[in-house]
Structure formats: structure tokens, C-alpha cells
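Working notes, structure below.
Computed from the coordinates by the stated procedures, all read-outs in this text should not be read as laboratory data. Bear in mind that the values here come from a model prediction, so they are computed numbers and not experimental data. Heads up, the Cβs are rebuilt from the backbone with ideal geometry, glycines too, and the neighbour counts pull from every protein chain shown.
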Amino acid sequence: MQLRWSDPTFRAVFWQVVVVGIVVAIVWYLVSNTNRNLAARRIATGFGFLSRTAGIPIGEHLISYDPAVNTYGRAMIIGVLNTLQVSIVGIILATILGTLIGIGRLSKNWLVARVTAIYVETLRDIPVLLQLLFWYTLLQALPAPRNSFNLFGHIYANIRGLRMSTLVIEEAHLWALLAFGFGIIGTGLWGRYAAQKQAETGIRPKTWPVALGLLIALPAIVWAALGAPFKLDQPVLRGFNFSGGLLISPEYVALTLGLVVYTSSYIAEIVRSGIQSVPRGQWEAANALGLRGGTVMRRVILPQALRVIIPPMTSQYLNLTKNSSLAVAIGFQDIVSIANTTLNQTGQAIEGIAIIMAVYLTISLSISLFMNWYNARIALVER
Amino acid sequence: MSQSAAASGPVPVPSRDQPPASVYGPWAWLRANLFSSWWSTALSLLLGYLILRGAWGFFSWGILHAVWTVPDGANGPDTAACQAVKGVGACWAVVEEKFRFIIFGRYPYESQWRPALCVAIFIGLYIISSMRRFWRLKLLYIWIAALIVIGVLMWGGILGMEYVPQDSWGGLPITLILSTFGLAFAFPLAVAVALGRRSTKLPAVKMLCVLYVELIRGVPLISLLFMASVMFPLFMPEGVNIDKLLRAQIAFILFAGAYLAEVVRGGLQSLPKGQGEAADALGLPYWQKTGFIILPQALRMVIPPLVNTFIGFFKDTSLVLIIGIMDLLTAGKTALAEPVWQAYSAEVYILLAVIYFCFCYSMSRYSRNLERLLSRNRNR
Amino acid sequence: MSATAEMIAPGHNSGETPAIVLDKVNKWYGTMHVLRDVTMTIAQKEKVVICGPSGSGKSTTIRCINRLESHQEGRILVDGTELTDDTRSLDTIRREVGMVFQSFNLFPHLTILDNLTLAPIWVRKMPKAEAEELAMGYLKRVKIPEQAKKFPGQLSGGQQQRVAIARALCMKPKIMLFDEPTSALDPEMIKEVLDVMIELAESGMTMVCVTHEMGFARQVADRVVFMDRGEIVESGAPTRMFEDPQTDRLKLFLSQILRGH
């Protein structure tokens, strides 16, 4: 490299130095201002506050939590768990609902196609926050516990939330669960055996009777053999409220419902365009060869459609996870809500926001990495 | 095997443009589209029933039994009539009372023609930008002029209009300002970042661009808004106070820049390499090649996804509810904070939904038509 | 059906079941009458070329034969079985009729070998090894056995179309339908595909081809059928049709396509 302007390498290095220099200068300026302001307002820095007692009441926690005893750190972890819980449940439900609606968009039935089209179009044109508020308002209009909506005496819906009977878990149930796990493995092995038999003789042994037996009959037999315990923890109305059973808060329901419905409209479009992206000629060629509907779907259409569907689908999963941060607006305590309370109480805004960003960055980077790996693996081989 | 009778060919079969009723016509359509199989029939009947019930229910609640206005009582509006029909009829009186507050926030009542005019200018700006004959450089000047006029109208202080500080702005103009100014300033940033990301000769610049985009896209908008509202004051030297709206605007610009950068990058990637090579062969230096050849074509190709991204921003402006800036959604919620109207949130939310829907639906229809038009021209 | 005697070309046994019978077939797209009283009988081992201007209904006709499109009036019989919406008769018919498309329609996510063995395994329930042996046999017949493990995206157009022909042949059909098989190919690849089709014709397959390749028609076809605006205008032996067209419409069509050569 020569130190002359006409040398392209020199110019490249020069410009990079300039740009990086400007960025570094801006960052240094902001950091020095921040330090001065923090000192002037006597705000502490560092993450020491994580080991202080929290005092934040949290309504829903997957692990045990006592505001008087547990630290901010533990509160944060509960926040992350809440976020993950809402996201995972939301992703599963949104995928199911979205796929059904996406397939409905392609239905030959005019009414089904129109209704699903209106569903998708309307939900995509209204902000998600407005939708969440709307669901929450609807749930707030439920009656008081005394006048709850009652399903079979085991599910109660009222303004305090959803209360359901739960099974009291005993040893027999755990053994049955173990049997179910073995059943899954067994079904997988049988599937392999069936494919092998088909390769050898052309006839594929039926899978569903075996699956039925291993996944349902076997655990049931184990459970019955160990005494068949079936005690339910039923909600009971005491005074003005229920006790017993499982309580799902209206905030959780509103958040999950709102996110599922909103994201499902995007997933429906992705599924629809994925299936439509497979050229009609593929259907025709498969039908002309004599292949039937189910086989055509499984062997020809879906493999091609999934290649088109999965990348945008994962980006919608990421959107759902990020949208769960709106929980703070309806009072569900996810990581954003808890971090917000923490930074209000300790005054340590930078650390609080940094924690929020770190959590979401971790989630989105993991999903991105998975996406890249998946795309590389299934790329269609071309010249 | 003589075909003497067919010396001039067999007698042409007359065209029957009226296919038999079993093939074409209302009954055939119904059979094919609604009742083609018993499963389809069941679905049609179920959906038809649900739709009719839902439509009747909404009509009965929203129109038949609705209360449209309430009289003014001693301590403000007297909502006895509304309370009487609660659950049975809608209380559109809340809309009638609070409409101007929801749309304009706390802007001084007599000067509300100014934000109204701004809304009109925004809509006009969108419409002009959507028409293809304006896709030239002069569109840039139109935008600059329009944004300046909007600024002058909203702030006032000159030409006899009283000065209105930003804290009093609110409602629909705020939503439009945040999204439009956000897009306007984010766009050059996005182009620069997209070009930087594709640069092979400046790895440090490329890394900075990648960091920026991945960081912003990996975190929720809420965290950026928190950062803006809570952290920006810490970044500034003593005595410098940035207004809350400006802070939120900067956060939006940074947010929009990252997403737009990805869209522009997609356009740059799908441009055939031959374009750049032809420009190089002609001896064009980098900035001219990019400015005259590459960018115009790439940007034209990505206008539909750009519009879709803008629709997303427009909806995302509603998140400023959480940091206390009075946009359309916040104004609606604040209107409901009054005890008298607290129970009628559904009506206000429906109004807000309709407003958002009108904007977003027209934009999305436009983007879809444009996409169809562009792909048709390209495939020709 | 007195017309039957005229419709079967000389040299074919009019006593055995005809391969395909179309009897007054009518089809509409909306109000557009696209097939008008199409009546045609094709004998076993007969080779018929259908030609005509675009929009004449020739592709629609052969797509009705294996029910990729459905006709609204008239009857279609394939190997004696009538074509209706009944799925079982449809399955039987589709097994006997193979089709080659203009745009090849190979399955891009499967290897060439898997493309060929998919239907024999899942429809005829053949064991995998037997299906692969069958597939390799046909790949050798279309002269590209070395491509077996490649993917369609890696092959040229001519090679892909030959694979498509082999794929249809793996189901051992009695009748082969060709829908403009060479129209999407570059000129230098047309010959290799036509060679395969000629070899197939000489081995005794019943074939119905929609094509513009008049050289192929002359060499191989027993009969050429000219369609225009949804109806059969003229039909006869290829030499007679090309050298001595009887109807004005056929004369016009021939002058238009021959000008291009």
C-alpha cells in the first residue's frame, strides 16, 4: 500500500479510519456525558442491585418467589421465564391457528375463503397493542366470581381469571408418563421398521394401531394397574372468590389470545403463499402418475412448500416473542415489566434496559442461527 | 374411407355460449363453491349461521339500540341513557363527546384547524408519492416542502398563529408525524447502511452496519423507546434538554433505519450483477455508479416491501402509549380515563380500529396493486 | 356410431377395445365454449398427433383424457372404462395413462432416481430395489443412466424432459399423452427428445401428441387431427393432411407454420 490518494487500498483504510473514528468519538462523548450525569444524580452503576431484596410482588411465577426474601436477580429470572412461557405457548397456538386459516384461504368453498381473507386482512391492519387492550377489556367485562361462566363444573371464567380443576399428581401418573415416553420411542422405532418393510416388499405395515396401543393403551394399563388414582383439585367458591384448582390470570389470557390471533394472521399468509408457490404442474404431474391426495401432499407438495414457509415463519416467531414485551401495557409481568419496575425503584436505567436488550438479543440470535443452519441444509441443489 | 361429404370439412358445430344450467349459472356456482361435498356443505351452513348471527348482533348493538348523544348534566355529560343500555346497545355518545380530543389531543381548541390541515397535507403527500408519474427527483423537494409546512403549522409562533409547544400536540397528527418523519429521515440512513453492508472493500464499515442492523432488529421496539425516554437525557451534557417527542422520534428513526436497510439490501441483491459491471466498464466511479444506475433500479424494485414496512411503522407508533406520548391510541385511552366514560372502552377502541384500518388497508391495497403491476411489467 | 369406421385409421383392428373414445365431449370455461362436440376414437397402438392454432382446445382435450380437466357433456372412455368423478375408476385410468408436460414438472427436491421410483413404490406398491431396477432400465432407454443420483436442477432441459418421459414409463402405461413436449426446449435439445419419442412409437406404444413438430408427425403418426376453436376440423393420414389439405382453415394453419420453417 502506498501513502497516496490514488492507491485504492490506502483510500479504503482511510475511509474506514474516518468512519470508525467518528463512531468512536460519538460513543465516547455520550459515555462521558452519561458518567457525569450519573454521578451528579448519585445513581449507582453496576449490577450489584441484582442481589438486593426485590419487594416486587409478582402474580405469576413458575418457580417459587417471595417478595420479602428473594432478590431482584430472581425476579428477573422469573420475568424471563414468564416471557418464554408466553412466547412458546403463543408460538404453538399461533402456528396451529395460522396454518388452519392459511389452508382455509385456499379452500374451494367460497365462504370459507372469503371469511379467512377478511380475518387476515382486518387483523393485519390494526396495531397489536390496540388488539391486546381490546381483549383485556373484553376479559374485564366477565362477571364476578359468584356469577362465573361455568363449564361442567370444572372450568370457571370470571373477572379474576380462568380457574380449572387440576389432577393431583401421584406416583401412578408419573409411571404412566414414563410409559408414554417409551411409547413415543416405540412408535418411532415402529415407523422405521415400517419404512424398511416397505422398501423390501412394497407393502407398508399400518402404523396407527401400533401408535394407538403404545401411546394410549400402554400408559392407561400402567395407570390402572397402579390403582387408577383420579383425584381432582376442584375450584370451590368460598365467599367472594374461588380457591383450589389452577388460576390463569386475565392478563395472561389477554396477552396470549391477542398475540396468537394477531400472529396467526401473518402465519396464515405465509402458509398460503408457501403452498401457492409450488407450481400447479407439480400437482398435475403427481396426479397424472396416479398418486393420491395424501401422498402427493406429503411427498411432493409439503417438502417444497416448507422450504418457502419456514424462513418467514421463524421471523414471525421472533416477532411474537418481541411483541410479548407489550405485556407491560396490560399488567402481565414479563421481563420488560419487571425490569421496568426494577429500574424505577433502583434508578439504574442503563443496567435495566441493557438486561432487557440482552435477553431479547439472545433469543433472536439463537433463532437466526437456527434459521441459517436450516436454510443451508435444505437448499435445493441447482447447477 | 372417403370423406367426400366433408370436402370443405365437417359442418362447424355452432358455438353454444349459453352452457347448460348444470354447468354455468347461479345454481352451478352454488353447487361448486358452497356445497361441493357434504363437508363443504356443513361448513357453509355453520359459517353462514355464525355470520348472520354475528351481523345481526352487531347491527342490534351498534345501531339499533345504540345511544348517539347524551345531554349535558350539572357536572358534565349525563350518561344515564348509556348506562341503561349497557350490554345491549353501544354508547356512541363517548365518540361524539371525545372525538376532537381523540384526534387532536390537548391542542388548543380554536387552533385545531392547524393539525387538521397537517393531517390533510400528510394524506396528500402519501397520495402524491404513490403516483408513478411523480417518481422523480422533484418528489424529494415536495417532501421537504411539505414537512417544513407541517412543522410551521404545528408549532406556530409566526404568521399570526399562536405558538403551541410539543407537549400539547396529540392524537392523529402525532401518529402521522412519528411515522412519516421517521420514514423520511430513516430512509437515507437505511440506504447508507445497506450500501455499507454490501461493501467488500471496507470491512470495518461493513461490521458496523451489521452490528447496527442485527442489534436493532433483535430487540423489541419497547426497549428502544425506554432507552429514548429514560437514557437519552443521561447522554446529553448538562442543561441540554431534548423534548420527549424528539427523543421518541429519534428512537423511531433508528428503529426504522435498520428494517428499511434490510429491505433496500434485498433490492440491491436482486439487481442483476450485470448492471454494476456495465457501469464499471463505462468507467463510472463508485458514487456515480451507485447514485445513477444501481440505486434507482433497486429502490424501484423494493417499493412494495417498503410500503409494507411503512404500514408496520404506522402501527408501531401506537407503542408510545407506554412512554406517555399522546398519539392516537394514547389519546383514546386518556379519553377513557374520565370516570364518566370509563365503561365504554369498546366503543372508543372500535373507533380507533376503524381509523387505523382505513390508513393501513388503503396502503396495503396500494402495495399489492403495485406489486402486481411491477411484476407484470418485469415479466413482459 | 357410423362415424367410428372413419375415425379409426386403416391397418388397425376395429374389433378390439379402442384405447380412447371421446364421444361428443363438450367443455365450457365460464361461458366460453372451449370444446365443441369433440368425437374421436383411438385404437390400441395407434399414434395420433393433434395440431392446431393456440386456443384451439388441443391441450384441453388431452388433459380431459386423464381428468386433469373435467368435461361437462359427453363421454370419455379409456380402455373401456368411462371417465367420471368416481375416484376408483380415476385411479385405474391414471395408472394406464402416462403424461409428459411442456414444462417437465419434475420434482425438484428428489433425485432423478427418486423421481422415477416415487409412483411405482406408492401406487403399484413395488419394493424399493425392484422399483430402482425398473427405473434404471428406463433411464438407460432414454440414454441418461449416469444422471440417476443428480437433482433436476442440475440437468439441461432436454435431459429433464427425457427423465420426465422415463418417469411416466415407469408406471408401465398403455397410453402416453404428450402435451407440447418440445415447446419449452432450446432448438439443439429438441432432437434428443424426439428420438426418444420415435423409439417409443416404434416399440408399439399408443400415443397422443399435441405438437408443432411436423417432421415428427410425418415420420411416426398414423393420423393427424387438426383442431381449431374447440372442434375437430379435419383428420387423416399425415401425408394427405400436409400435402392435400381439404379445408380452408387447415390450409391457413399450414401456411402459417410452414412459413416459419
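Computed across region C:153-223, the Kirkwood radius stands at 12.5 Å (inverse of mean 1/r, all Cα pairs).
Fewest Cβ neighbours within 10 Å first, please rank C:Val123, A:Val271 accordingly. Each step should come with its number before you reach the end.
Values: C:Val123 17, A:Val271 27.
Exposure proxy ranking, most exposed first: C:Val123, A:Val271.
Each label was represented as a point 7 Å from its Cα along the Cα-to-Cβ direction; for B:Asp243 and B:Asp78 these points are 4.2 nm apart. Under 5 Å between amide hydrogens, built in the peptide plane, is the criterion, and for A:Arg52 it picks out A:Tyr72, A:Gly73 among residues at least 5 positions away or on other chains.
Taking only the Cα atoms of region B:137-218, the radius of gyration and Dmax are 17.9, 55 Å. Just to confirm a number: summing +1 for Lys and Arg and -1 for Asp and Glu over residues other than B:Lys315 whose beta-carbon lies under 13 angstrom from that of B:Lys315, what do you get? Around B:Lys315, the surrounding residues sum to -2.
Quick one: compute the contact order of region B:111-164, relative version, from alpha carbon pairs under 8 angstrom and 6+ residues apart, as a percent. Present the calculation step by step, with values, prior to reporting the outcome.
Details: 24 pairs, mean separation 19.4, N = 54.
After rounding, I find 36 percent.
Stretch A:Phe10-A:Ile310 to full length: gain in nm at 0.36 nm per residue minus the Cα-Cα span? Mind showing how you got there, number by number?
Working: separation 300, 0.36 × 300 = 108.00 nm, distance 4.38 nm.
Difference between extended and current length: 103.6 nm.
What does the extension gain come out to for B:Ala278 and B:Arg100, with contour length at 0.36 nm per residue minus their alpha carbon separation? Before the final figure, lay out each step's value.
Working: separation 178, 0.36 × 178 = 64.08 nm, distance 5.70 nm.
So the chain would gain 58.4 nm between B:Ala278 and B:Arg100.
Computed per residue of the protein assembly as shown from DSSP H runs no shorter than four, each worth -39500 (n - 2.57), the mean residue ellipticity at 222 nm is -18500 deg cm²/dmol. Each of A:Tyr119, A:Tyr317 was scored by other Cβ atoms within 10 Å of its Cβ. Listed from fewest to most, they are A:Tyr119, A:Tyr317.
Using 0.36 nm per residue and subtracting the Cα-Cα separation, the extra length available between A:Val18 and A:Ile96 on full extension is 23.0 nm.
Please identify the trypsin sites (Lys or Arg not before Pro) of region A:83-192 that satisfy two criteria: DSSP loop assignment and at most 15 other Cβ atoms within 10 Å. Which are they?
A:Lys108
Pairs of Cα atoms in region B:111-164 fall into 5 Å distance bins, from 0 up to the last occupied one, in shares of 4, 20, 26, 19, 14, 9, 5, 2 percent.
Cysteines in the protein assembly as shown lacking any other cysteine Cβ under 4.7 Å from their own Cβ: B:Cys118, B:Cys209, B:Cys358, B:Cys360, C:Cys51, C:Cys64, C:Cys170, C:Cys209. Take every Cα pair under 8 Å whose residues are at least 6 apart in sequence, average their separation, divide by the length of chain B, and the relative contact order is 17 percent.
Within 10 Å, count the other beta carbons around each residue, average over each peptide in A:272-279, B:90-97, and list them highest first. Don't skip to the end; give the middle numbers.
Working: A:272-279: 17.0, B:90-97: 21.8.
My ranking of the peptides, most packed first, is B:90-97, A:272-279.
Both numbers refer to the Cα atoms of region B:213-314; Rg and Dmax are 18.3, 55 Å. The amide H of C:Val34, built 1.01 Å from its N in the peptide plane, has C:Lys27, C:Trp28, C:Tyr29 as neighbours under 5 Å, considering only residues 5 or more places off or on other chains. Contact order for region C:54-156, expressed relative to its length and based on alpha carbon pairs under 8 Å spaced 6+ residues apart, stands at 20 percent. Annotation: amide H-H contacts under 5 Å for C:Glu73 (H modelled 1.01 Å from N, sequence separation of 5 or more, or interchain): C:Asn26.
How would you order B:353-361, B:71-79 from highest to lowest mean count of nearby Cβ atoms within 10 Å?
Numbers: B:353-361: 17.0, B:71-79: 12.3.
By packing density, highest mean first, the sequence is B:353-361, B:71-79.
Look at where the Cα atoms of region A:276-295 and of region B:359-377 average out, and the two centres are 31 Å apart. Shape annotation for region B:262-345: C-alpha extents along the principal axes are 73, 19, 14 Å, from largest to smallest.
Dimensions of region C:101-159 along the principal axes, based on C-alpha atoms and rounded to the nearest Å, stand at 30, 20, 18, largest first. Normalising by residue count, region A:329-383 has a Cα convex hull of 105 Å³ per residue. Model label sites at B:Met161 and A:Ala225, defined 7 Å from Cα along the beta-carbon direction, differ in position by 8.3 nm.
Based on the reciprocal of the average 1/r between different C-alpha atoms, the Kirkwood radius for chain B equals 25.6 Å.
Specify whether the C-alpha gyration tensor of region A:257-379 places it in the rounded, prolate or oblate class, a ≥ b ≥ c being the square roots of the eigenvalues: rounded for a/c under 1.5, otherwise prolate if a/b is larger than b/c and oblate if not. Here region A:257-379 falls in the prolate category. In region C:102-204, the convex hull through the Cα atoms has an average projected area of 6.2 nm², a quarter of its surface area.
Averaged over residues, the count of other Cβ atoms within 10 Å places the peptides B:217-227, C:245-255, B:282-292 in the sequence B:217-227, C:245-255, B:282-292, highest first. Note that chain C shows a convex hull volume over its alpha carbon atoms of 137 Å³ per residue.
Here region A:204-321 is described by how far its Cα atoms reach on the three principal axes: 66, 41, 19 Å, from widest to narrowest.
Only Cα sites of the protein assembly as shown enter the Debye sum here, all with the same form factor; the resulting log10 I(q)/I(0) across q = 0.05 1/Å is -0.46, listed in q order. Once you divide the Cα radius of gyration of region A:117-235 by 2.2 N^0.38 Å, the number left is 1.71. Note on B:Asn377 and B:Lys138: with the Förster distance fixed at 25 Å, the Cβ-Cβ geometry gives a FRET efficiency of about 0.65. Counting, for every residue in C:105-118, the Cβ atoms of other protein chains within 10 Å of its Cβ and taking the mean gives 4.
Label-to-label distance for B:Met236 and B:Leu45 is 6.8 nm, based on points extended 7 Å past Cα in the beta-carbon direction.
Which value, in nm² and rounded to one decimal, describes the direction-averaged projected area of the C-alpha convex hull of chain A?
So the mean shadow area of the Cα hull is 32.2 nm².
Evaluated over the Cα positions of region B:180-380, the convex hull gives a direction-averaged projected area, one quarter of its surface, of 15.0 nm². Here, region B:146-185 has an Rg and a Dmax of 10.6, 31 Å when only alpha carbons are counted.
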